[in-house]
1. Check cross-link reach from LYS556 to the aspartates and glutamates: straight Cα distance under 19 Å, and skip same-chain residues fewer than eight apart.
2. Mind checking the per residue accessible area of segment 312-437 for me, 1.4 Å probe, whole number of Å²?
3. By its C-alpha gyration tensor, with a ≥ b ≥ c as the square roots of the eigenvalues, how is segment 332-411 shaped: rounded for a/c under 1.5, else prolate for a/b larger than b/c, else oblate?
4. Net charge within 15 Å of TYR250 by Cβ-Cβ distance, Lys/Arg positive one each and Asp/Glu negative one each, not counting TYR250 itself?
5. With every protein chain kept in the model, how would you rank LYS437, LYS334 by accessible area, 1.4 Å probe, largest at the top?
6. May I have the pair-distance distribution P(r) for segment 410-518, computed from all Cα-Cα distances with 10 Å bins from 0 and rounded to whole percent?
7. Roughly what percent of Cα-Cα pairs across segment 537-596 reach past 17 Å?
8. Give me the Å³ per residue figure for the convex hull around the C-alpha atoms of segment 220-301.
Amino acid sequence: MPFWKELQRRHVFRVGAVYVIVAWVIAQAVTVLSEPLRLPGWFDTVVILLLAIGLPIALVLAWAFEVPPQAAGEMRIPARKPRRIKLTARQLGIFAWAPLMLLIGFIAVQGFNLKPEKQASGGPNRMYAMAYLDYVDADNSAGRHSSSEAKVIVVLPFDNLSPAAEDAHFTRGMHNELSRHLAKVNGLDVISRESAVTFLDSELSVTAIAEELQAEAVVEASINYSDDRLVLKARLIDSATGTRLWSAHYNCELQDIAAVEADIATNIAKHLQLEISPAEQAWLRKPPTKSPAAHALYIRALALFDADVADEGLEYLNRALAVDPDFAAAYARKAEYYALQIPIVGATDGDHTPPQELALSYAARALELDSESGRAWHAQALVYSAFWVWDEARRAYDRAIELDDIDWGMYANFVLHSEGAQQALAVAERNVQLNPKSAQAHYWLASVYGRLGDHQASLAACNTAIEFDPTNALMYRCAAVAHIELQNLEKAEQALRATEQLLEAADREAILPGLAIGYAQLNLADDVSRIAEDYSTQVHTSATSDAAPIWLHIAKSNEPQALASLAASIRAVKHYQPIPNTEMLMSIKDNYPNNPLLETPAFADLRADLTETLIMRAAARSDTAPHKPAYPSRN
């Protein structure tokens, strides 16, 4: 009998057809269910691979275990080889659908592993954190916030096609730089890189990503970089239809990258019906440096800072400046780096120069080389904010905003402290709009809502922050505050226990005092004592102006010590000194969360003194402000 006739007689073709149909159903089910079930990105690839491997296995089994004719609907029973193992119609169905059953079982198991796997320092018992996460999944109702009239786009992480593995940093840095260039276009809002990178290696479609970020268009690109040459392919996709609006292919030297970025920005603006002004064109086409080598080092530095490898990023900035000592953008980024070191007590460089001096010095050098360096203005704003020089900080922030080079989260924090919660609300909402996947952005929004007394909105923002960063202790502490204000005492305790379980060593100084206050508000005296003991043995600070111990003294109802610590912090403010844990001092000023002790006459007088000092600081000009410090100063 011919071979194909034998295949037909053994129903190999029929089993293969059934298998293909079942495999197709499984593949479609995986595609539809992967997002709502939060299956890992590799899952659908593995399923398709297994199904492909399973096809020849199914065919071999069909040959070896001949299906009897009645299972296939035939009337004749084969007479030969009676000992051959045969499958009935029911067995055939089980055999064909077995892969689907296995898939369903895997998905069910996977469903139990959707929560964070990070082991908390509080011990192996994750009961409270897991329970609170279940509550967030069921109850979180936070939505999008205000939007502007500008066109909103997202630049997805670039595909790295470079042959050398170390050039992946270059690709990430280019993504950072192009996003910043596009943000310069008037009428164009660019979703932050922090939110964009959450979709790295995502299996979601472009339209699904755009819908989640509320973006009108999506930019995709790939880069192949080698020996100071790069091949860059970019395209703009309409989020509603998924159609390509524009695409381009560039093959150029690194020294021409400014012209390439300007061309990309111009074409994107054109296809979104926006116009780029001559001034914007001139800025976009201006190369940041004449040295391709310095530019490559700078781009790598940007990627390292984004990856929170700041010390290595600083090293690359220094190497870039060694190649080009007139590289304004590199000086500006160094200024930002040192400005962010100010809250860290004792932070210096190798020569023990205070970070505020370094930040202002590098910012001044950057502005000397390029007066439109938004990053340099932003670095100045950070320094003056840390030293309570509100008028100078406002001036620097205004210039950074004008140049579209600002961290909206830090600006929201500045406005909250210097102008109040009502003025900060619009800024915090703007921060969430541009960075919708950032837990920190939702945390700051929750803080503003809390100070405005809208505790339900604050809780919703806290829960959204937890959803995006479920292993961050600060986010649970945020939720606990809102629950206490709403008198959800059981949930408040659950959130506090979760905070403690997730606490990392580096976070103890900033979070333990808040934990103590929370436990005190729930009348859990033993927990307050335990947290206070933990703080005294594990946190070491030499700054008498540190605001953190104030909350600990308040939690223990130690009024004299709390008053003394608060007075020391206020003296530091009056003398333009940076204060560790400034956020806690501002919380005391606002009495947030609400604590009866802070309403007593002695505390009320000190809080009024602090408020008056900050109001005067905001209204005064720098040349008339009392106690003008040696640092900060304008160079």
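1. Leaving aside aspartates and glutamates fewer than 8 places away in the same chain, those within reach of LYS556 are GLU493, GLU500, GLU509, ASP526, ASP527, GLU533, ASP534, ASP546, GLU599.
2. Working: 4500 Å² over 126 residues.
Here the residues of segment 312-437 average 36 Å² of exposed surface.
3. Working: a/c = 2.02, a/b = 1.37, b/c = 1.47.
Since a/c reaches 1.5 but b/c is at least a/b, the shape of segment 332-411 is classed as oblate.
4. Working: positive: ARG229, LYS233, ARG235, ARG285; negative: ASP159, GLU177, GLU220, ASP228, GLU253, ASP256, GLU261, ASP263.
For residues surrounding TYR250, the net value is -4.
5. On the way: LYS437 35, LYS334 15 Å².
Descending order: LYS437, LYS334.
6. Pairs per bin, as whole percents: 17, 47, 33, 3.
7. Details: 595 of 1770 pairs.
Distances greater than 17 Å cover 34 percent of the Cα pairs.
8. Details: hull volume 8.0 nm³, N = 82.
Considering the Cα atoms of segment 220-301, their hull volume per residue is 98 Å³.
The values are calculated or read from the model by the stated rules, or taken from the named source; none is laboratory data. Given the structure is predicted, the values throughout are model-derived calculations rather than measurements. So basically every Cβ, Gly included, is an ideal-geometry build from the backbone, and we count neighbours across all protein chains shown. Heads up: the accessible areas ignore ligands, DNA and RNA and are worked out on the full protein's heavy atoms, side chains in. Shrake-Rupley method; radii C 1.70, N 1.55, O 1.52, S 1.80 Å.
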